[in-house]
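The values are calculated or read from the model by the stated rules, or taken from the named source; none is laboratory data. Keep in mind the model is a prediction, meaning the values are calculated, not measured. Cβ atoms come from the backbone with ideal geometry, glycine included; neighbour counts cover every protein chain shown. Quick note on the areas: whole protein, heavy atoms, side chains included, nothing else; ligands and nucleic acids left out. Shrake-Rupley method; radii C 1.70, N 1.55, O 1.52, S 1.80 Å.
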Amino acid sequence: MADQLEAILEQIKKYNKIIIHRHQRPDPDAIGSQIGLAEILKASFPYKQIYVVGKDIPGLDWIGQMDEIDGQTFDGALVIVTDTANAPRIDDRRFDNGDKLIKIDHHPNDEPYGDLMWVEPEASSCSEMIYSFYQHFAKELKMPKKAASALYAGIIGDTGRFLYPATTPRTMLVAGALMAAGADASAISQRENEISEPVARLSAYVYENLTINESGAAYIVLDNDTLTKFGLTEAGTSAVVSLPGRIQNVLAWAIFVEQEDGHFRIRLRSKGPVINELAKHHYGGGHPLASGAKAADHTEISQVIKELDTLVSEYQK
Ligand code: AMP
């Protein structure tokens, strides 16, 4: 790992323009790792031009805002992508127009890309990795409060505020160090825990309408009509994804969210059975206990439910 970190810092020192990307439809870890790295670099190398790009996502702009840059800015730039397993999911397709590309990620490295990679699937979050990068060069790098806050937001996002098994002793140490660097843990947790009234009502709908199989597999389909009824788009469904996990007898679950073109985004979560292989069979992937995939129609939804049920039944044996 030390070699990879040295190689990354060497490139950062070499380039005066650095553009940081993350994945499409970002979550707090995507934005947190992106903004956290950018703020560390801005504070440590004030003479360099550091940009963050990708679509602004309402609801997460409190972590940090994106920059608008033209195509020419990519000429001779170093591009760093955080928290993104594969190139097709990188937000802002100009990521390939720079001089050099670096991947920093904590998903299984099934689809490598870039000239340089640092991938640690054991890390709770990409934000935790960015802290490790800072810590390795703590004599040279600075950790401003804005970076500490963004990284803390990313860590609690991916660990469900330290609830999921991805949380390690190291995660807790890093969280403490970020608090010491100025992150207001309580305020950030409150902010991430907040939901809008439509999301609160959708949460009630999810609990009311969730199907729970005897095996411990559970699922719900959220079609466009339902989302419209609640005044939400699919972006508003993120906050309900973790809800079924609170139910004692639910071991793994799938939430199927209809997209504008009629296909369904599948959000898979688990408290034990490994679900990322299932996700891979349906144009997806992700972590062993948190994955995403796609279903073309209701026939494929039925297939996924069957596969999930089998997988959870096998796990119970
Ligand atoms: P989500 O349900 O979208 O929050 O995704 C959970 C995890 O699965 C994240 O770590 C994503 O990076 C990953 N993931 C989601 N969708 C896909 C996909 N289509 N292909 C590969 N990985 C995905």
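General remarks:
- Karplus-derived 3J(HN,Hα) values for the stretch 22-36, using 6.51 cos²θ - 1.76 cosθ + 1.60 with θ = phi - 60°, are 8, 7, 5, 6, x, 10, x, 6, 4, 5, x, 5, 5, 5, x Hz; glycine and proline are entered as x.
- Centroid-to-centroid, using Cα positions, the stretch 292-313 and the stretch 60-100 are 33 Å apart.
- Rolling a 1.4 angstrom probe over the protein heavy atoms with all chains in place gives the stretch 197-316 an accessible area of 49 Å² per residue.
- Principal-axis analysis of the Cα atoms of the chain puts helix 126-136 at an angle of about 30° to the longest axis.
- Accessible area of the chain belonging to carbon and sulfur atoms, whole % at 1.4 Å probe: 49 percent
- Eligible lysines near Lys48 by straight Cα distance, threshold 22 Å, same-chain separation 8 or greater: Lys13, Lys14, Lys17, Lys100, Lys103, Lys139, Lys142, Lys145, Lys146
- GNM flexibility winner over the chain from Lys139, Lys17, Lys55 (Cα, springs under 10 Å): Lys139
- In degrees, nearest ten, helix 298-316 long axis to first principal axis of the chain (Cα): 90 degrees
- For the stretch 249-317, the spread of Cα positions along each principal axis, largest first, Å: 38, 21, 20
- For GluC sites (Glu not before Pro), the sites in the stretch 1-97 that DSSP calls loop and that have at most 10 other Cβ atoms within 10 Å are Glu68.
- The chain - share of DSSP beta bridges that are antiparallel (%, nearest 5): 45 percent
- Angle between the chain longest axis and helix 145-159 axis [Cα atoms, degrees, rounded to 10]: 30 degrees
- Whether the stretch 65-194 is rounded, prolate or oblate, judged on the alpha carbon gyration tensor where a/c under 1.5 counts as rounded: prolate
- Protein-only accessible surface order, largest first, of Asp261, Asp92, Asp184 at 1.4 Å: Asp261, Asp184, Asp92
- Among Ala138, Ala293, Ala147, the largest mean-square fluctuation in a Gaussian network model of the chain, built with springs joining Cα atoms closer than 10 Å, belongs to Ala138.
- Three-way shape call for the stretch 116-272 based on the alpha-carbon gyration tensor, with the a/c threshold at 1.5: prolate
- Working note: Karplus 6.51/-1.76/1.60 with θ = phi - 60° gives the stretch 277-291 the couplings 5, 4, 4, 5, 6, 10, 6, x, x, x, 7, x, 10, 8, 9 Hz, where Gly and Pro are set to x.
- Within the stretch 1-122, the ratio Rg/Rh, alpha carbon atoms throughout and Rh by Kirkwood, equals 0.92.
- Integer Hz, Karplus 6.51/-1.76/1.60 couplings in order for the stretch 95-105, x for Gly and Pro: 4, 8, 8, x, 7, 9, 10, 10, 9, 10, 7
- Here the ratio of the Cα radius of gyration of the chain to 2.2 N^0.38 Å is 1.00.
- Over the chain: helical MRE at 222 nm, DSSP H runs n ≥ 4 each giving -39500 (n - 2.57), nearest 500: -12000 deg cm²/dmol
- Most to least accessible of Met66, Met172 (protein chains only, probe 1.4 Å): Met172, Met66
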